[in-house]
1. Return the only residue of ASP221, ASP180, ASP208 being under 21 Å from ASN48 (Cβ atoms), out of contact with any Leu (no Cβ under 8 Å at 6 or more places or on another chain) and without any contact (Cβ under 8 Å) to a residue 40 or more places away in the chain.
2. Report yes if VAL187 is farther than 15 Å from VAL33 by Cβ and free of Cβ contacts under 8 Å to residues at least 60 places away in the same chain, otherwise no.
3. Read through the list (1) aliphatic (A, V, I, L, M); (2) surrounded by fewer than 20 Cβ atoms within 10 Å (Cβ to Cβ); (3) assigned to a loop (DSSP other than H, G, I, E, B), then give the number of the only condition that ALA88 fails.
4. Inspect all residues belonging to the range 118-125 and state whether any of them is of a type in the set (Val, Ile, Thr), modelled with pLDDT of 90 or more and part of a helix (DSSP H, G or I).
5. Just one of the numbered conditions (1) within 27 Å of VAL2 (Cα to Cα); (2) in contact with an Asp or Glu (Cβ under 7 Å, 6 or more places away or on another chain); (3) of a type outside the set (Phe, Trp, Tyr); (4) without any contact (Cβ under 8 Å) to a residue 60 or more places away in the chain is not true of THR197; which one?
6. Based on this model, can you work out whether ARG214 counts as touching a residue at least 12 places away in the same chain (Cβ under 8 Å), closer than 28 Å to GLU19 by Cβ and charged (D, E, K, R)?
7. Among the residues in the range 213-235, are any of a type in the set (Ser, Thr, Tyr), crowded, with 18+ Cβ neighbours inside 10 Å and more than 17 Å from the chain's Cα centre (by Cα)?
8. Filtering the range 99-117 down to residues that are under 17 Å from LEU179 (Cβ atoms) and small (Gly, Ala, Ser), which residue is modelled with the highest pLDDT?
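The values are calculated or read from the model by the stated rules, or taken from the named source; none is laboratory data. Predicted model only: the values in this text are computed from it and were never measured. Neighbour counts are summed over all protein chains in view; Cβ atoms, including those assigned to glycine, are modelled from backbone coordinates with ideal geometry.
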Amino acid sequence: MVELVDVVKRRASRDRSFELAVPRLGLRPGAAVAFVGPSGSGKSTLINLLAMTLAPDHAAAFRFTDPRTGAVEDVMALWHRRRLDALARLRGSAFGYVLQTGGLLPFLSVSANIALPQRLVGRPNPEQVAALARRLAIDKLMDERPADLSVGQRQRVAIARALAHNPVVVLADEPTASLDPVNARAVMDLFMELIATLRIALVVATHDAGLVARYGLPVIDGRVEERGTTTHAEFVARPPADAEAG
């Protein structure tokens, strides 16, 4: 569904530069994967690349195949041609994104925030908004504004918003970092249920090794090394446990 081959993103400041390299990454419908690495390894940068909000500097291949239609999009070609409209449509219809900080619109109610992606793709579904709110225990907060919520409540609203338009890929940057253990488990249970029933692909960037182990998520490791004035980060798949043992 999503394929990256030899993707590179560079950032530079006056004295140092950062380079993120992804030799190969593939996502299938109904699959889950965790990006795990130290702060500064580029987990959020990789999430933004996948979300098509950040253009790669190089890619041998960056393709998205919509499992609903079979249509194949050459994402790198869209970036080269500056087809920002096509990228926005693809992002809006196929991807759900849970920002590390929630990213709710402060002037909208909880209900309107959750329903926003449905409005953007022209598929309003109040019943689904209500069902997600109940599942995430925010159904009593639907008329509130984000400023009136706790950090954990805002994060649960952001998760409901990411799921509201039935995306085929959900990208979650530290989705449980602001939640207590009970709500963190409820969120992950919901994600895993959706993967199983709706064949949604899930990408989680996290520091939480316990969460990764509890749900048996395959891991893409972020490894960092210093190369002169360049911090080089590379994400590679961790071998399965039995392969490591053998």
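1. On the way: ASP221 fails: without any contact (Cβ under 8 Å) to a residue 40 or more places away in the chain; ASP180 fails: under 21 Å from ASN48 (Cβ atoms).
On inspection, the qualifying residue turns out to be ASP208.
2. Yes; evaluated as a whole, the condition is true for this residue.
3. (3)
4. No, because not a single residue in the range 118-125 is of a type in the set (Val, Ile, Thr), modelled with pLDDT of 90 or more and part of a helix (DSSP H, G or I).
5. So the condition that THR197 fails would be (2).
6. No.
7. At the first step, the residues of the range 213-235 found to be of a type in the set (Ser, Thr, Tyr) are 215, 229-231.
Right, trim to crowded, with 18+ Cβ neighbours inside 10 Å and you get 231.
Now drop any that are not more than 17 Å from the chain's Cα centre (by Cα), which leaves 231.
Yes, because at least one residue in the range 213-235 is of a type in the set (Ser, Thr, Tyr), crowded, with 18+ Cβ neighbours inside 10 Å and more than 17 Å from the chain's Cα centre (by Cα).
8. Ranking the candidates gives GLY103 first.
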